[in-house]
Every structure is written in structure tokens, then in C-alpha cells.
Amino acid sequence: MTTPDNWEQPTDLPLTTSCKQAARLVSISFERKLTWREYTTMRIHLMMCKTCTFYGRQIKALRAIFTRHEEVLNNTPCTCDEQLAADAKQRMKDIIQQHK
Amino acid sequence: MKSKINHNEYPKALSPAETWVDQHGDYLFRYAMMRLRNKDMAENMVQETFLAAIKGKRSFSGRSTERTWMVGILKHKVIDHYRKDFRERPVTDLQNLQRDEEQTVDQFYDAIENPRKYPKDWMPDQRAILQSKEFWVILHGCMEKLPKTTSSAFAMRELDDMDTSQICKELGITPTNLWVMLHRARLQLRECLERNWFEKK
């Protein structure tokens, strides 16, 4: 089992990299620049593996979705459960009245 | 009394505090809900944000809108809360993290053996997603299922666009801890979204 400190380091030779290892590298590549060895390991695996390729595309899609999140928040009406309840609003108004 | 404030230098003044709840309450609440996933906690934070805004009225420079300024206050409160959560979590949490991640990853790869669960190509679907209210409800539901610390780290990364060093500094964790959490959050979210949204389309 890998220890936390070398979790992201590829332990297998490039051609035998497991999907498990490759998926970690894909995920990490969204956080930092991969080392040359990591990058090569990942690319070689991705050339042969549709699953990990799609996983990478899904992470990319997730990121794009979250990037747009604020915009969506600004432009769509709230659903009921995302609105402050009337009693909470009144309570806040009272408190603001006391403190302003 | 006549104000000596030069309005060119301070283009905007704050609106009266008694109008804040109606103007910004729902927006701030939504912002907090997305990150905290707890109604009482989110209400509380919004209330505290208004109180801090009253106290800090003078620090409003008018260089941003009133709402952006308040979101900034709220954002700090949310991060404080995450930090406290991380400080108070049991020590075993990080030890378990590794094991939990292994499990999540194993589930992912077990699923691959089953062709029906093969990861799908989400890309062409994105435009439709963003316009669908239903999608966001599902996304929020999927985020609620993440373990608390994982979802905090994920929210800082993807919602607040903070980088590894900022998040690690705030939460007192190592980069590897963070990357394990993010990887796990992604695997869980993609699985949940695929099952509840993409497979039904």
C-alpha cells in the first residue's frame, strides 16, 4: 500500500501502469504540473485506455461546470429550498435594527 | 450635516442596513448553502455577515459593489468554518482518508468491468446542463453525499478557485492529503452525476 507521501508517484513501469495509478495522475494533473516521468506514464496509459481518457474529460467538464456556477447563481431564480425562510429574514432584520 | 465625502473618490455608498436582508439575503444564503450544505449554519453565517458588515461599514471603499463586498465577508467566514472543522476532526480522519480513497478508486475500477457503467462522454452535453435547473439540484444533492472534509476541500478548490498552497495553508494539511481528497471527491461526484443525470438523459 502506498504511503500518503508518495501517493502520487507512479510505481509501475509505463506500459503496465494500472488504471488506478493513471487516474490519480490525471486528477493531479489538474492541480500541478506533472514531472516528466509522471506525464509520460500518464500519456502512454491514456493512449491505450478509453476509460481513463473519459475520466479526464469528466474532470474537465466538472471544472467547467463549477466555473460557470457563480454565473448560474446570478442568472437563475432560486428554488424554494435555496431561499431564506421568511422567519429567518425577519429575525435578521430585527437583529440588524438592534445593531445598526 | 453636509458630507465632505468626495463622491468621485468614493463612488458608491452602502445602502441602508435595514434593506440588506431583502437585497442580498437570498443570494448570500445560496452562496453559503452551496458551501456548507446545512440550512441552520448557512442562515447563521448570513446573519453574522450582516453584523460584520455593520461593524465594518467604514472599510467599504466603494471599489466593489455592496454585494461583492458582503460576499467577501461571507467567504472569509466560510473558510474560518472549514478551518475549524479540520482542526477539530479526529486524527484518524486523515489516516482513514487513504483507505477510503482506495475503496472509492476500487469501486470505480470494479464498475469499469461492467460495460453499462463505462464512463460516458459528458462534453457534448454541457450547454444543456448549465441551463437545466434540475441538473443543479442533482449536483447539490451529489455534493451533500461527500464526506464533510472532502467536500470542504473540494469547494475551496472548485468553487473558490483557490490553489493547493492556499488551501493547505488554510486547512493545515499536506498537498498529498488535499490531492487524495480531490481525487476522491471527483470520483464520487462523477459517479453520482452519471447515475442520476447522464444515464437518464
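Values quoted throughout were computed directly from the atomic coordinates according to the rules given, and no laboratory measurement underlies them. Note that the structure is predicted; figures quoted are calculated from it, not measured. Heads up, the Cβs are rebuilt from the backbone with ideal geometry, glycines too, and the neighbour counts pull from every protein chain shown.
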To the nearest 0.05, how large is the calculated FRET efficiency for B:LYS200 and B:GLN107 if R₀ is 25 Å and r is the Cβ-Cβ distance? 0.75
Per the 1/(1 + (r/R0)^6) rule, R0 = 25 Å and r from the Cβ atoms of A:MET47 and A:VAL72, FRET efficiency to 0.05 is 0.10
In nanometres, what is the gap between the two model label sites at B:SER132 and B:THR19, each 7 Å from Cα along Cα-to-Cβ? 3.9
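Please average, across the residues of A:63-69, the number of beta carbons from any other chain that are within 10 Å of each residue's own beta carbon, and give a whole number.
Mean number of neighbouring Cβ atoms from other chains: 6.
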In nanometres, what is the gap between the two model label sites at B:ARG99 and B:LYS120, each 7 Å from Cα along Cα-to-Cβ? 3.5
Among A:CYS52, A:CYS19, which comes first, then next, by fewest other beta-carbon atoms within 10 Å? A:CYS19, A:CYS52
What does the structure give for B:176-185 when I average, per residue, the other chain Cβ atoms found within 10 Å of the residue Cβ? 5
With labels modelled as points extended 7 Å from the Cα through the Cβ direction, what inter-label distance (nm, one decimal) is found for A:LYS33 paired with B:ASN38? 4.0
Classify region B:17-86 as rounded, prolate or oblate, taking a ≥ b ≥ c as the square roots of the eigenvalues of its Cα gyration tensor: rounded when a/c is under 1.5, otherwise prolate if a/b is larger than b/c and oblate if not. prolate
